[in-house]
Amino acid sequence: MANYQLIFSPTGGTQRVADLLTCTLWNDAVEIDLMDRALDQGAAPAFAPEDCCLVAVPSFGGRVPAPARQRLARMTGGGARVILVAVYGNRAYDDTLLELRDTLTAAGFRPVAAVAAVAEHSILRRFAAGRPDEDDVLELAGFTQTIWQRLDSGQVPDTLAVPGKSPYQPYGGLPMHPRGTGACTGCGHCAKVCPVGAIDPAAPRRTDGDKCITCMACVARCPRRARRLGRLVLFAAGKKMQKVCAGRKLNQIF
């Protein structure tokens, strides 16, 4: 028997939520980084019925990020129990949990429980700034007690009920992509952390807009803080999102 964390966390928010949940569930979880492009090639991870996994992804436009979905679909669930986690930036998570459940079920996992949790928005950081905060930490700790009771009972629902609609809402990506500034030294770290290979390490100031999913990993992890989105684009996006991201959105467990 083994416990696993499978996490797609470009800017750290999803990682923090996953860590808050798993720290009270297990102290020996093996982490699989769904950001790693190496998962697209070679043998995919395989699990056993006695294993337990927590799979955490951010909600991108109400959907599972495409590279995370594709990497999970390659895996062999083998009947392992799985906890689903969708992290959203104070707008909505729409069909993310449903798509995650369907992807994992098709791969042979057995969904046991699901959590939707709020973290600071990865692009417009003023929305849900500082979350998960102290109140979230306490609430997520309570969620883990409920999840542990479900795991300890050995009861796995035939079909875990989660919010969402099928067919899933379409998502065509965002019309904005980070690029290097004059402070860029060409170190290529952004190219290493990009989950879709949208940055050429030989010319890291440029971004391939056809590949980029605007996950913001390159911005968050640049050691020189030398990557960003255009200020006018950010301003317009902030205005557009102001209403839907207002107020304090809730964490939920299913």
Next on the checklist: For the structure I just gave you, tell me whether Gly42 is within 17 Å of the chain's Cα centre (by Cα), farther than 23 Å from Trp148 by Cβ and not aliphatic (A, V, I, L, M).
Outcome noted: no
Checklist entry - If you take just the strands (runs of 3 or more DSSP E) that sit entirely in region 1-115, which of them hold at least 2 residues that are β-branched (Val, Ile, Thr)? => result 30-33, 52-58, 81-88
Checklist outcome for this item: Subset of region 146-173, residues touching a residue at least 60 places away in the same chain (Cβ under 8 Å) and outside any loop (DSSP other than H, G, I, E, B), comes to Thr146, Ile147, Trp148, Leu151
Next on the checklist: Out of the residues in region 129-153 meeting the condition of being of a type in the set (A, V, I, L, M), open to solvent by less than 30 Å² (accessible area, probe 1.4 Å) and at pLDDT 95 or above, tell me which one is farthest from Pro178 (Cα to Cα).
Outcome noted: Ile147
Checklist outcome for this item: Within region 199-220, residues open to solvent by 50 Å² or more (accessible area, probe 1.4 Å) and without any contact (Cβ under 8 Å) to a residue 60 or more places away in the chain come out as Asp200, Pro201, Ala202, Arg205, Arg206, Asp208, Asp210, Lys211
Next on the checklist: Criterion first (within 13 Å of the chain's Cα centre (by Cα), open to solvent by 20 Å² or more (accessible area, probe 1.4 Å) and acidic (Asp, Glu)) does Asp28 satisfy it?
Outcome noted: no
Checklist entry - When you go through (1) touching a Cys at 6+ places or on another chain (Cβ under 8 Å); (2) surrounded by 14 or more Cβ atoms within 10 Å (Cβ to Cβ); (3) closer than 30 Å to Val137 by Cα one by one for Pro223, which number turns out not to apply? => result (2)
Item to check | Residue tally, condition open to solvent by less than 10 Å² (accessible area, probe 1.4 Å), more than 11 Å from the chain's Cα centre (by Cα) and not charged (D, E, K, R), over region 98-108 | outcome: 1
Checklist entry - Taking region 49-93, which residues are open to solvent by 10 Å² or more (accessible area, probe 1.4 Å), over 14 Å from the mean Cα position of the chain (by Cα) and under 30 Å from Arg248 (Cα atoms)? => result Arg91
Checklist entry - Can you spot a residue in region 174-190 that is in contact with a helix residue (DSSP H, G or I) (Cβ under 9 Å, 6 or more places away or on another chain), closer than 30 Å to Phe109 by Cα and either outside any loop (DSSP other than H, G, I, E, B) or open to solvent by 60 Å² or more (accessible area, probe 1.4 Å) (or both)? => result no
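The values are calculated or read from the model by the stated rules, or taken from the named source; none is laboratory data. The model shown is predicted, which means the values in this text are computed figures rather than measured ones. Glycine also receives a Cβ, built like all others from the backbone with ideal geometry; neighbour counts cover every protein chain displayed. When the accessible area is computed, the model is the full protein with side chains, heavy atoms only, and any ligands, DNA or RNA have been set aside. Shrake-Rupley method; radii C 1.70, N 1.55, O 1.52, S 1.80 Å.
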